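One structure is given here, and the rest of the page talks about it.
Derivation of every value follows stated rules applied to the coordinates shown; laboratory data play no part. This one's a predicted model, so the numbers in the text were calculated from it and none came from an experiment. When we count neighbours, we look across all protein chains shown, and the Cβ atoms used for this are built from the backbone with ideal geometry, even at glycine.
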Amino acid sequence: QKCLSLIKKTKFLNAYITVSEEVALKQAEESEKRYKNGQSLGDLDGIPVAVKDNFSTSGIETTCASNMLKGYIPPYNATVVQKLLDQGALLMGKTNLDEFAMGSGSTDGIFGPVKNPWSYSKQYREKRKQNPHNKNEDSDWLITGGSSGGSAAAVSAFTCYAALGSDTGGSTRNPAAHCGLVGFKPSYGLVSRHGLIPLVNSMDVPGILTRCVDDAAVVLGALAGPDPKDSTTVHDPINKPFMLPSLADVSKLCIGIPKEYLIPELSSEVRSLWSKAADLFESEGAKVLEVSLPHTSYSIVCYHVLCTTEVASNMARFDGLQYGHRCDINVSTEAMYAATRREGFNDVVRGRILSGNFFLLKENYENYFVKAQKVRRLIANDFVNAFNSGVDVLLTPTTLSEAVPYLEFIKEDNRTRSAQDDIFTQAVNMAGLPAVSIPVALSNQGLPIGLQFIGRAFCDQQLLTVAKWFE
Ligand code: GLN
């Protein structure tokens, strides 16, 4: 009840696309009954959660914040959603995002942008008042980051305890950093993607947004495991129950600091927190080692080619025939396809479909797509080499800076900005590694700043243990 009333109070944040009030209340009633009978379905029994609107939910509209899927009601639950429900979690609703999870701001969906709850903190408001350029209070709010900004705002505004995001190039970690949350991207293959409407199949991972690392571990414990409906999931990769030690010993760890991540665009505040964090590990006896990930600078371009090519093929299913939007034009099948897709997709999605098809043309395939695959391998090998040199966990920034005001974010070319923002997160997806962003401090403006830990593939438990120690 309390979470539902907070959802209503914070409606202006635009965090939710659908609030599943009836479902949640019914689930809460059943959970309460179990509790009274001394029964429990698991760690999440009775816990309010929210789910990004690109995970299929049986009987509940799933839109991907796109006209293409507006009104689409899936007949089945994504595996991760089913697992949450099997554990007794309460589904509060479906959260807002960039259309088809393409973006880094949560500003690009058909339901409008998500507002960062921190825009309304006392400290931030007071700082803004001191700025003479800041006249228009109503439009003076910050982006959440994205594309899982609705999930981040939902947790940050206390409307639920955990939320699912998706992470293809940073979409869980980026909004977590901007909203003062833990944003965890598990190893590729640890958690099923079945029912997560795909962006880039070879990089997509369901992500977890929570307020602390322990909560993320509990949710991971509920979600991880092989799924016959997702052939990329791996058998028995982690020990269960998935618990984190309360007192970890970091003195024997080696923390890697990738030198290529120290770029001029990085804000001085993030930079100094990053270096303080490294010092903290050192003072605990851990070894802190500068490492090189030499192909980092290619990662954004490489991601762009691979992302758009997969998008081009993924989006082909939205043709107006089987489900989703269909236009009124019926002069020919081709005209119907074209008009449906023109009406259904925003320009970001259409732009990616066009780029992807360009890269896949016979004459471009070798030069772009195959080359990008090779570069991806080099990027992944950089991480392998760093870990082989003895590094246990890498420590990096999550984002270039704290959250920026919406008006600033949309001023520049959104897509260029979006691409820059993913510089510290994207390569991890290309390598399939686990990574977690945790909130470390507030900036001078009173806004949260996150740092990222990156672990070896399937060493998610070790990664979260280090993050918990640092938290
Ligand atoms: N910003 C990246 C993109 O637009 C990543 C998105 C994501 O992780 N879903 O592709």
Under 24 Å from the Cα of LYS287, which lysines turn up, not counting those fewer than eight places away in the same chain?
LYS252, LYS259, LYS276, LYS468
The lysines whose Cα lies under 23 Å from the Cα of LYS33, excluding any fewer than 8 residues away in the same chain, are LYS2, LYS83
So what is the calculated 222 nm ellipticity per residue for the chain, using -39500 (n - 2.57) for each DSSP H run with n of 4 or more, over all residues, to the nearest 500 deg cm²/dmol?
-11000 deg cm²/dmol
The long-range amide H neighbours of LEU289, using H built 1.01 Å from N in the peptide plane and a cut-off of under 5 Å, are ILE255, GLY256, ILE257
LEU273 neighbourhood, Cβ < 12 Å, K/R = +1, D/E = -1, net charge -1
Which of the trypsin sites (Lys or Arg not before Pro) found in the stretch 194-270 are in a DSSP loop and have at most 14 neighbouring Cβ atoms, other than their own, within 10 Å?
LYS229, LYS252
Please report the antiparallel percentage of the DSSP beta bridges confined to the chain, to the nearest 5.
70 percent
Distances over 41 Å make up what percent of all Cα-Cα pairs in the chain?
14 percent
Rg followed by Dmax, in Å, when the stretch 14-122 is reduced to its Cα trace
15.4, 46
Relative frequency of Cα-Cα separations exceeding 25 Å in the stretch 322-471, percent
54 percent
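What ratio of Cα Rg to 2.2 N^0.38 Å holds for the stretch 231-304?
Working it through for the stretch 231-304, the quotient is 1.51.
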Treating every alpha carbon of the stretch 282-344 as one equal point scatterer without solvent, the Debye formula yields log10 I(q)/I(0) values at q = 0.12, 0.26, 0.28 Å⁻¹ of -0.54, -1.02, -1.10
Considering only LEU85, LEU69, SER104, whose Cα is most displaced toward the positive end of the charge dipole of the stretch 32-132, charges sitting on Cβ of Lys, Arg (+1) and Asp, Glu (-1)?
SER104
How high is the relative contact order of the chain, given as a whole-number percent (alpha carbon pairs under 8 Å, six or more residues apart)?
18 percent
In the stretch 365-471, which trypsin sites (Lys or Arg not before Pro) fall in coil by DSSP and have 11 or fewer other Cβ atoms within 10 Å?
none
What whole-number volume per residue, in cubic angstrom, does the convex hull of the C-alpha atoms of the stretch 130-286 give?
183 Å³
The stretch 58-143: projected area of the alpha-carbon convex hull, averaged over directions, in nm²:
7.9 nm²
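What ranking, highest mean first, results for peptides 390-396, 449-455 when packing means the other Cβ atoms within 10 Å averaged over each residue?
So the order, starting with the most tightly packed, is 449-455, 390-396.
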Percent of Cα-Cα distances greater than 24 Å, calculated over the stretch 97-212:
28 percent
At 20 Å minimum axial length over the Cα atoms and a Kyte-Doolittle cut of 0.5, report the qualifying DSSP H helices in the chain, or say none.
299-314
Going from the fewest other Cβ atoms within 10 Å to the most, one would list VAL288, VAL49 as VAL288, VAL49
Net charge within 12 Å of GLY324 by Cβ-Cβ distance, Lys/Arg positive one each and Asp/Glu negative one each, not counting GLY324 itself?
+1
Taking the Cα centroid of the stretch 83-112 and of the stretch 191-235, what is the distance between the two, rounded to the nearest whole Å?
15 Å
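Could you compute the net charge surrounding SER151? Neighbours are other residues with a C-beta less than 10 Å from the C-beta of SER151; K and R count +1, D and E count -1.
Taking every Cβ under 10 Å from that of SER151, the sum is +1.
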